[in-house]
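A.B. asks: Below is the structure I would like to discuss, written out as structure tokens.
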Amino acid sequence: MKIKTAFLATALALGVSHSALAVVKVGFMLPYSGTYTALGQAIENGFKMYVDEQGGSLGGEKIEFYRVDDESNPAKASDNANRLIKRDQVDVLVGTVHSGVAMALAKAAQDTDTTLIIPNAGADMLTGALCAPNVFRTSFTNWQPAYAMGHVAREKGYEKVVSVTWNYAAGKEAISGFKQGFEEEGGKVVKELLLPFPDVEFQSILTEIAALKPDAVFTFFAGGGAVKFVQDYASSGLGKEVPLLGSGFLTDGTLEAQGESAQGLLTTLHYADGLNIEKDKAFRASYSERHPNMVPDVYAVQGYDAAQLLDAGLAAVNGDKSNKTELRKAMRNATIDSPRGTFTLSAAGNPIQDVYLREVQGKENIMVSIAREKLEDPALGCRL
Ligand code: PHB
């Protein structure tokens, strides 16, 4: 204590302001193991890249990082969140990838009035019935890309679609979003196939799809599971007969491993390769320089934008992190100059953003068109 006081006195005598000595502690709760490992790493990379571009400070405050591997395991989520909140005493939580884990993380953030920025997990409820002033998302709701694909599938003339996904919130919500878009245009989802997260034993499901003979298959898979599903789908021979559609996670950050099996796949997402956006070009050049073995994917973008959002909040309060009300107000009203294209947040705290239709060509998800412009999640049940 004495040392700290002496240090403060010296610093003040040297003309260093009090606030310049404070730090903002950011806690990453992300998967650093399991099927979503690469996603967690990309989010952290993107976040840190933005902070480094600002010289290590946001709103004039030095940023200090803490991290916990959540293993995409909902059963461990509360304990993991409390490691960051209670043990490390972080000011801001950044997490996570998996919707089920994010639900528990949001509860812990709520109980302790900690600001939470979700850089991926799409659980609709987090910016729906469970929306809250301290909760922000820089990614998407599971509904958003899937709903857009429902319309695209009808435009392609498909009438009967089979869906397949993991049996957890993200998968089920993606299917329901697709179904809404597809069926409001007169299509029909004839069968919804599920397997436990994060299983990758797809054989019996592929056999069932072959027997059902749908016009197309819609799917939500991501990370390691997406790599395996796309490979298995192609090698089963179905790839040549029944078009495979997906929320864009199916082919984002995965193309190096999927190779030939992914060629021509159509997906919808709020990011794409080949966007003619200056911010994106700069983002991709710096990211590729910092991480020569990784592609600048949607997860890196979402992490980068999480840091931009926090910066908007901290700048508005001159780094005074104790002024949570004004910090959050500024975050909610921010306009984010994202590599995906500029976006704002809805009252519920979720991006209002263009959803692109993309086609896999080589190792890229090339932008074909804007499937839905400025798509806003309906935020069912949110009263903010
Ligand atoms: C989710 O669990 O919400 C989730 C996970 C991985 C993705 C997208 C959504 O790529």
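A.B. asks: Across the stretch 340-353, in residue order, what do the Karplus-derived ³J(HN,Hα) couplings come to in whole Hz, using 6.51 cos²θ - 1.76 cosθ + 1.60 with θ = phi - 60° and x for Gly and Pro?
C.D. replies: 6, x, 4, 9, 10, 9, 6, 4, 7, x, 10, x, 9, 8
A.B. asks: Give a residue-ordered list of calculated ³J(HN,Hα) values for the stretch 169-183 (Karplus: 6.51 cos²θ - 1.76 cosθ + 1.60, θ = phi - 60°; whole Hz; x for Gly, Pro).
C.D. replies: Taking θ as phi minus 60°, the curve returns 3, 4, x, 5, 6, 5, 4, 5, x, 4, 4, 4, x, 6, 7 Hz for the stretch 169-183.
A.B. asks: Loop only per DSSP, at most 14 neighbouring Cβ atoms within 10 Å: give me the GluC sites (Glu not before Pro) in the stretch 192-295, ordered by residue number.
C.D. replies: Passing both the DSSP loop test and the Cβ count: Glu201.
A.B. asks: Helix 143-155 versus the longest principal axis of the chain: what is the Cα-based angle in degrees, 0 to 90, to the nearest 10?
C.D. replies: Long axis of 143-155 versus the principal axis of the chain: about 30 degrees.
A.B. asks: Also: Let me make sure I get this right: for the stretch 31-108, a, b and c are the square roots of the gyration tensor eigenvalues over alpha carbons, sorted descending. Under 1.5 in a/c it's rounded, otherwise prolate if a/b > b/c, else oblate. Which is it?
C.D. replies: Oblate, since a/c reaches 1.5 and b/c is not below a/b.
A.B. asks: Using only the alpha-carbon atoms, how far is helix 298-316 inclined from the longest principal axis of the chain? Give it as 0 to 90 degrees, nearest 10.
C.D. replies: 30
A.B. asks: Can you sort His98, His291 by solvent-accessible area, 1.4 Å probe, largest first? Intermediate values should be presented prior to the final figure.
C.D. replies: Numbers: His98 5, His291 40 Å².
In descending accessible area the options line up as His291, His98.
A.B. asks: Which residues make up the longest stretch of the chain clear of trypsin sites (Lys or Arg not before Pro) that lie in a DSSP loop with no more than 15 other Cβ atoms within 10 Å, not counting the sites?
C.D. replies: So the longest stretch without any such site is 157-362.
A.B. asks: Rounding to the nearest 10 and keeping the result within 0 to 90°, find how far the Cα-based axis of helix 203-212 lies from the longest principal axis of the chain.
C.D. replies: So the inclination is approximately 50 degrees.
A.B. asks: How much accessible surface does Val161 have with a 1.4 Å probe, in Å² rounded to 10?
C.D. replies: Spelled out: Val161, probe radius 1.4 Å, area about 0 Å².
A.B. asks: Count the DSSP beta bridges whose two residues both fall in the chain, then state the antiparallel fraction as a percent rounded to the nearest 5. Display every interim value, and only then the final one.
C.D. replies: On the way: 18 of 55 bridges.
Around 35 percent of the beta bridges assigned by DSSP in the chain are antiparallel ones.
A.B. asks: Let me ask something additional. Can you tell me what share of the DSSP beta bridges in the stretch 56-172 is antiparallel? A percent to the nearest 5 is fine.
C.D. replies: Approximately 25 percent, going by the DSSP bridge assignments.
A.B. asks: Hey, another quick one. Using helices alone, what [θ] at 222 nm do you get for the chain, with -39,500 (n - 2.57) per DSSP H run of 4 or more residues, divided over all residues and rounded to the nearest 500? Could the numbers behind the result be given before it?
C.D. replies: On the way: 14 runs with 152 residues, N = 384.
Helices in the chain give a 222 nm mean residue ellipticity of -12000 deg cm²/dmol.
A.B. asks: If I compute solvent accessible area with a 1.4 Å probe over the protein chains, what percent of it on the stretch 56-181 is carbon and sulfur? Numbers along the way, then the final one.
C.D. replies: Numbers: 1870 of 3990 Å².
After summing per-atom areas, the C and S share lands at 47 percent.
A.B. asks: Residues of the chain: accessible area per residue at 1.4 Å, in Å²?
C.D. replies: 40
The values are calculated or read from the model by the stated rules, or taken from the named source; none is laboratory data. Predicted model, so just to flag it, every value in this text is computed and none were measured. Cβ coordinates were reconstructed from backbone atoms using ideal geometry, including for glycine residues, and neighbour counts include every protein chain displayed. Remember, those area values only see protein heavy atoms, side chains included, never the ligands or the DNA or RNA. Shrake-Rupley method; radii C 1.70, N 1.55, O 1.52, S 1.80 Å.
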